[in-house]
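Let me begin by presenting the structure, written as structure tokens, before commenting on it.
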């Protein structure tokens, strides 16, 4: 039996290194994001008077206390604005802001975005789609933002859909496009799966076995599959899965 040469040992070391990276990198990114969020939310403690600052009361800082304070403040504000007196006070404050040109644009623009994002009846960012972008021979992942575009529908004379095309690996920036509905292909993947694919630069592709979506979602997926494709068939087994 021949001994394993240096190339074999290097390949084994490389495999070990990759296996270690696959464990350390996700953990490191997760801890980094959590630390950033905790530190960001802890800044809300600066709003407290010096006499009741955690460092002055306990003699040391308590990480994450700002998250609890922020959630409690949001809960109290929501309870206050849900009653008649709170609603009247908010309306009075908005009336004051409406008289300030620059502040008015920022406030009402932000409020409209928040109402759209957090409203359970909104269709924004609930359906991943494929659109021909940046030209007809390439496709891009996007999210439907609105299907009722008012004047744009009338001016174009076509039924168009508003979509958001995120950039990769940072999906918080992107492009707002209006696409004819017949060019929009609804995907069966979830929003989380589409975001993972975008953030991973297309490396993480969600598993798909040709599932037929709920008929209420519109066009049957079976009409979009290639001829001879069986959506119920299991994907072929790879060489490593055989045996």
Q. Tally time: how many residues in the range 146-161 are free of Cβ contacts under 8 Å to residues at least 12 places away in the same chain and over 16 Å from residue 184 (Cα atoms)?
A. 5
**Q.** Hits in the range 44-98 - residues which are within 26 Å of residue 111 (Cβ to Cβ) and touching a helix residue (DSSP H, G or I) at 6+ places or on another chain (Cβ under 7 Å)
**A.** 44, 66, 67, 69, 70, 80, 81, 86, 87, 90, 97, 98
Q | Residue within the range 172-185 that is modelled with pLDDT under 85, exposed (fewer than 13 other Cβ atoms within 10 Å of the Cβ) and more than 23 Å from residue 136 (Cα to Cα) present | A | yes
**Q.** All positions within the range 186-204 that are surrounded by 15 or more Cβ atoms within 10 Å (Cβ to Cβ) and outside any helix (DSSP H, G or I)
**A.** 186, 187, 188, 189
Q. Say we look at the range 97-120 and pick out the residues that are exposed (fewer than 10 other Cβ atoms within 10 Å of the Cβ) and within 23 Å of residue 78 (Cβ to Cβ); which of these is modelled with the lowest pLDDT?
A. 120
Q. Residue 62 passes all but one of (1) assigned to a loop (DSSP other than H, G, I, E, B); (2) within 30 Å of residue 204 (Cβ to Cβ); which number fails?
A. (2)
Q.
Where the second residue is modelled with pLDDT of 85 or more and loosely packed, with under 11 Cβ neighbours inside 10 Å and the first is part of a helix (DSSP H, G or I) and lies in the range 80-108, which pairs have Cβ atoms under 9 Å and are six or more apart or on separate chains?
A. 86/79
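The values are calculated or read from the model by the stated rules, or taken from the named source; none is laboratory data. Source: prediction; values computed, not measured. For neighbour counting, all protein chains shown are included, and Cβ atoms are generated from backbone atoms with ideal geometry for every residue, glycine included.
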